[in-house]
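The values are calculated or read from the model by the stated rules, or taken from the named source; none is laboratory data. Worth saying up front: this structure is predicted, and the values here are computed from it rather than measured. Here the Cβ is made from the backbone with ideal geometry for all residues, glycine too, and neighbour counts use every protein chain on show. The accessibility values were calculated without ligands, DNA or RNA, using every heavy atom of the protein model including side chains. Shrake-Rupley method; radii C 1.70, N 1.55, O 1.52, S 1.80 Å.
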Amino acid sequence: LPRGSRREQPPAAPPREGDNVVRLPGAGPERGAAAPVATAVPRNWKGVVEPNSPAARGLDLILQQEPGFDPRAFTDGAKVAYETIVTAFAKGDRKTLKSLLSREVADGFERAIQGRERAGQTVETTFVSIDRAEIVGVDVRNRVAQVTVRYLSKLITATRGPQGQVVDGSPEKVVDVTDVWTFARTLGSRDPNWQLVATEAGH
């Protein structure tokens, strides 16, 4: 996948309808623009993020504005998003990617797909498993929340040249892959979806 630098600042504008991914339970259109409560009740978050960490405090801030937020359900949705986006990128499925990515991330993916097409290359990707998806960072600024997820997965991936020859990867070898993706959403908005705003290789 193309790698982008993680944004240091949240997006300047709310995600647009149709450009987002990962459903957020309890934040559908029926909620409207929720006003923040006066104070946050710190939660332990054991098993989700490290208690008393910056990520835990970030989750508390999200719950200030959206009490229905469920980080475990968010992580489940992030797994679905990850597999969908990786598969669509391998296939060059621009329509699916456009509906799931921020414009900046979509542009990076598009450049990579165009490079493959110019070289006459195709990519075959098979998911073996997503072994882990964990929240590793949460940042809330000016009502925009960013949640960063680290994925540990097993993939079979191979890039073939114009004559079908393997030019990268292997059609048989299972490889361990670590990716770190950041999703963003304007809290309290009527749109319940999260937008992928940054990707990078994990460690």
For a test of the definition: using alpha carbon positions, the gyration tensor, and the 1.5 limit on a/c, classify the range 132-202 as rounded, prolate or oblate.
prolate
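Using a 1.4 angstrom probe with every protein chain in place, what is the largest-first accessible-area order of E66, E83, E172? Intermediate values should be presented prior to the final figure.
Numbers: E66 5, E83 85, E172 155 Å².
Result, largest first: E172, E83, E66.
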Amide H proximity to S53 below 5 Å, modelled H, separation 5+ or other chain, gives none
Calculate one ³J(HN,Hα) per residue across the range 56-63 by plugging θ = phi - 60° into the Karplus curve 6.51 cos²θ - 1.76 cosθ + 1.60, and present them in order as whole Hz with x for glycine and proline.
5, 5, x, 5, 4, 5, 4, 5
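Just round it to a whole percent: the fraction of Cα-Cα distances in the range 54-201 exceeding 21 Å. Please list the in-between numbers first.
On the way: 5298 of 10878 pairs.
The answer is 49 percent, as a whole percent.
Using Cα-Cα distances under 8 Å and only pairs 6 or more residues apart, what relative contact order does the range 54-201 have, in percent?
Taking the mean separation of contacting Cα pairs over the length of the range 54-201, I get 23 percent.
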Restricting to lysines 8 or more places apart or on different chains, can you count the pairs in the range 54-201 with Cα atoms under 19 Å from each other?
5
Diffing the range 82-93: the Karplus 3J(HN,Hα) column from phi (6.51, -1.76, 1.60, θ = phi - 60°), in whole Hz with x for Gly and Pro, holds 4, 5, 4, 6, 4, 5, 5, 5, 4, 7, x, 7
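Of K95, K173, which has the most accessible area and how do the rest follow, probe 1.4 Å?
Values: K95 175, K173 130 Å².
Most to least solvent-accessible, the answer reads K95, K173.
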Measuring with a 1.4 Å probe in the full set of protein chains, what accessible area per residue, in whole Å², belongs to the range 54-201?
45 Å²
Given a 1.4 Å probe and the protein chains all in place, what does the accessible area of K98 round to, in Å² to the nearest 10?
150 Å²
Vicinal HN-Hα couplings computed from phi for the range 149-165 (Karplus, 6.51 cos²θ - 1.76 cosθ + 1.60; Hz; Gly/Pro x):
10, 9, 10, 10, 9, 10, 10, 10, 9, 8, 10, 10, x, x, 8, x, 6
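Of the accessible area of the range 54-201, with the probe set at 1.4 angstrom, what percent is carbon plus sulfur?
Working: 3180 of 6670 Å².
So the carbon and sulfur contribution to the accessible surface is 48 percent.
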Inter-site label distance for D176 and E124 at 7 Å from Cα along Cβ, in nm
2.5 nm
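Report the extension gain between Q114 and V167 in nm, rounded to one decimal, defined as 0.36 nm multiplied by the number of residues separating them, less their alpha carbon distance. Mind dumping the intermediate values first?
Details: separation 53, 0.36 × 53 = 19.08 nm, distance 1.69 nm.
Extending this stretch completely gives an extra 17.4 nm.
Students often check this: by mean Cβ neighbours within 10 Å, which of 67-79, 125-137, 179-191, 141-153 ranks highest, and how do the rest follow? Walk me through the numbers before you get to the answer.
Details: 67-79: 17.2, 125-137: 15.3, 179-191: 20.7, 141-153: 18.8.
Highest to lowest by the protection proxy: 179-191, 141-153, 67-79, 125-137.
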